[in-house]
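This report concerns only the one structure given below.
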Amino acid sequence: MLHTLAHKGPMRLTTLKASEQITQPAITQLVSRLEREGLVERQPDPEDGRAVLVRVTPAGAQIVRTRYEDRVRRFSQLIEALTPEERRTIGVALPASARMAALMDTER
């Protein structure tokens, strides 16, 4: 959820619930817990005074960045362990994999 908010910006709970594919009670509990931890905050929706937006805080954004950097570092280590032939095979498959990831994002 932090990743979603960091990359897509503030969202209403209902939109976030659909994006994360979890129930209303689960998203409410998760947002409350992350809010207590200082990783997200609620703010009034400027387009609808009755609604609330959830946004990632700087501390939450830092966690997203750190996790990303950790994954990149680990992925690099794994790539280094492959043979040149295996690396070439992955290089050929990457454009199709990137396209699939983009298509998955548009479905959300």
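The values are calculated or read from the model by the stated rules, or taken from the named source; none is laboratory data. Owing to the predicted nature of the structure, the values given are computational and were not obtained by experimental measurement. Glycine also receives a Cβ, built like all others from the backbone with ideal geometry; neighbour counts cover every protein chain displayed.
Per the conditions (1) surrounded by 11 or more Cβ atoms within 10 Å (Cβ to Cβ); (2) more than 17 Å from Leu2 (Cβ to Cβ), the sole criterion not satisfied by Arg50 is (1). Could you tell me whether Met11 is under 24 Å from Met104 (Cα atoms) and touching a helix residue (DSSP H, G or I) at 6+ places or on another chain (Cβ under 6 Å)? Here the answer is no, as Met11 does not meet what is asked. Of the residues making up segment 84-108, just one is within 27 Å of Gln21 (Cα to Cα), over 15 Å from the mean Cα position of the chain (by Cα) and polar (S, T, N, Q), namely Ser97.
Of a type in the set (Ser, Thr, Tyr) and under 16 Å from the mean Cα position of the chain (by Cα) - does that describe any residue in segment 62-83?
yes
Would you check if there is a residue in segment 82-89 being at pLDDT 95 or above, surrounded by 10 or more Cβ atoms within 10 Å (Cβ to Cβ), among the hydroxyl-bearing types (Ser, Thr, Tyr) and outside any helix (DSSP H, G or I)? No, segment 82-89 has no match at all. Within segment 28-42, the presence of a residue that is of a type in the set (Gly, Ala, Ser), more than 18 Å from Ala6 (Cβ to Cβ) and either touching a His at 6+ places or on another chain (Cβ under 9 Å) or exposed (fewer than 10 other Cβ atoms within 10 Å of the Cβ) (or both) is excluded. If the condition is being part of a helix (DSSP H, G or I), hydroxyl-bearing (Ser, Thr, Tyr) and under 16 Å from Leu2 (Cα atoms), then segment 53-81 contributes Thr66, Tyr68. Look at (1) without any contact (Cβ under 8 Å) to a residue 40 or more places away in the chain; (2) within 13 Å of the chain's Cα centre (by Cα) and you find that Pro10 fails only one, number (1).
Under the condition of being farther than 30 Å from Leu39 by Cβ and either touching a Leu at 6+ places or on another chain (Cβ under 9 Å) or not hydroxyl-bearing (Ser, Thr, Tyr) (or both), the residues counted in segment 64-88 number 9. Within the set Glu35, Glu41, the sole residue that is touching a helix residue (DSSP H, G or I) at 6+ places or on another chain (Cβ under 7 Å), of a type outside the set (S, T, N, Q) and either in a helix (DSSP H, G or I) or free of Cβ contacts under 8 Å to residues at least 60 places away in the same chain (or both) turns out to be Glu41.
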